[in-house]
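Contents: one structure, followed by commentary.
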Amino acid sequence: MKTAFYIAKRYLFSKKSTNAINIISGISMLGVFVGSAALIIILSAFNGLEHLVISLSNTLTSDLRIEPTKGKTFDPNNATLLSFRKDKRVAIYTDVLQEKALLRYGNQQYIGVIKGVSNDFLKNKDLDSTLVQGEFILNEDGRDYAVVGSTVQYTLGININDQLRILEIYSPNKNNGMSFGPESEFVARYLHPVGVFESNQDSDNQVIIPISLARELLAEPKNVSAAEVTLKNPDDADLIRDELQSKLGKQFIVKDRIQQNALLYKILNSEKWAVYLILTFVLLIATFNIVGSLTMLVIDKQKDIAILSSLGAGKSMIRQIFLLEGLMISFLGCIAGLGIGAVFSYLQMKFGFIAMGDQNMVINSYPMDLRIPDFVLVFFTVFVISFMASLISSRLSVKRFEKLHSDL
């Protein structure tokens, strides 16, 4: 193997009798270089976008969310849950009661979601970062207020500075056995919206109100829809989720952030893998230039193959020489591409010289996020493709070897 590697290395850097071989080898290496660099840059860009989107959507998404397996509500006075509230690892524990309701503002109406939350909800210090307008206040001086999502605000045309108009919330009256008129079919409450928040598509159609008011609207004096938990150390989420799920049993389901935003994560991952496959196909075409390069090298080195044969070199050694030759061409291009891709991504992270092009964007430049698994993935992809291409060429060298052996 050492002899084959030494000869392959000499072939790689030595001058060939035909200059076209050097050019084709250079083009092969350049193709791998560009493909590898492009893969790292694109994957890092998708990582950055993924991190940005998730960080924006996770502001109102708790580390853990406890929901009933069957039905819409459950009794929060569960022994396990009461004990978990006092767990030292829990930073915020919020009772949530939510349901769809009819929202009216002026002449506009919209079917949205009312989300009643307990007072602990306001302990989340990141709430203000989601505000587009106003303040995040739910109760002040004995008076209840509402904070609406951006979708609700846009659809209804809500102006939080207009003190003359109020937000009307209507929910079906569950306690109405016999209907004596349309007004008795619904429970209505009237609130002043004092803030507008923007987080993600699921949250932006919500109206956040005190849980006491939600109980009146939904005629639910005790039960809750869910319990949202913010942990002191979010990295412990998986461990605590599994631990809590085993204690609660099959009657409850404990969701982490990924499970709560399953569709968002699925879309981001599918887009990333789609781009990876497209660029891998381009890299595949570029790498298979090695076949042409090694084929011409085999023809150019017929005399060397004859000499090696006369010295006792067998088929396996001849095959190893040209297999290693192809792998070295690919690896040099790949390592250089990974290096340039990493440098480019780092400079973009540091200086942001490629702007988003819109002054109203959340950030000014394209986000980047370098991850070691991406480098491993790209290197492994290049290895597999280059090994296939080099193996094809090495088999050609063996055929030449057999022909020369018969001539001798």
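How many residues does the range 189-222 contain that are among the hydroxyl-bearing types (Ser, Thr, Tyr) and surrounded by fewer than 17 Cβ atoms within 10 Å (Cβ to Cβ)? Full working, then the answer.
Taking the range 189-222 first, the residues among the hydroxyl-bearing types (Ser, Thr, Tyr) are 190, 199, 203, 212.
Add one more test, that the residue is surrounded by fewer than 17 Cβ atoms within 10 Å (Cβ to Cβ), and what stays is 190, 212.
Qualifying residue count, the range 189-222: 2.
Given the conditions (1) at pLDDT below 80; (2) surrounded by 13 or more Cβ atoms within 10 Å (Cβ to Cβ); (3) under 43 Å from the mean Cα position of the chain (by Cα), report the number of the one that residue 346 does not fulfil.
(1)
Failed condition for residue 370, given (1) in a helix (DSSP H, G or I); (2) modelled with pLDDT of 90 or more, with all others met?
(1)
Answer with yes or no whether residue 237 is within 18 Å of residue 92 (Cα to Cα), small (Gly, Ala, Ser) and part of a helix (DSSP H, G or I).
Numbers: within 18 Å of residue 92 (Cα to Cα): yes; small (Gly, Ala, Ser): yes; part of a helix (DSSP H, G or I): yes.
Answer is yes for this residue.
Tell me which residues, restricted to the range 62-117, are among the acidic types (Asp, Glu) and more than 20 Å from residue 244 (Cβ to Cβ). Walk me through how you get there before you give the answer.
Step one: filter the range 62-117 for residues among the acidic types (Asp, Glu), giving 63, 67, 75, 87, 95, 99.
Result: 99, single match.
Filter the range 206-247 for residues that are touching a strand residue (DSSP E or B) at 6+ places or on another chain (Cβ under 7 Å), more than 30 Å from residue 109 (Cβ to Cβ) and touching a residue at least 24 places away in the same chain (Cβ under 8 Å) and give the result.
227, 229, 230, 231, 232, 237, 240, 241, 244
Give just the number: which of (1) touching a Pro at 6+ places or on another chain (Cβ under 7 Å); (2) buried (at least 18 other Cβ atoms within 10 Å of the Cβ); (3) within 22 Å of residue 228 (Cα to Cα) does residue 127 not satisfy?
With (1) touching a Pro at 6+ places or on another chain (Cβ under 7 Å); (2) buried (at least 18 other Cβ atoms within 10 Å of the Cβ); (3) within 22 Å of residue 228 (Cα to Cα) applied to residue 127, the lone miss is (1).
Of the residues in the range 34-79, how many are modelled with pLDDT of 85 or more and touching a strand residue (DSSP E or B) at 6+ places or on another chain (Cβ under 9 Å)?
14
The values are calculated or read from the model by the stated rules, or taken from the named source; none is laboratory data. Bear in mind the structure is a predicted one, so any value in this text is a computation, not a measurement. Neighbour counts run over all protein chains shown; Cβ positions are idealised from the backbone, glycine included.
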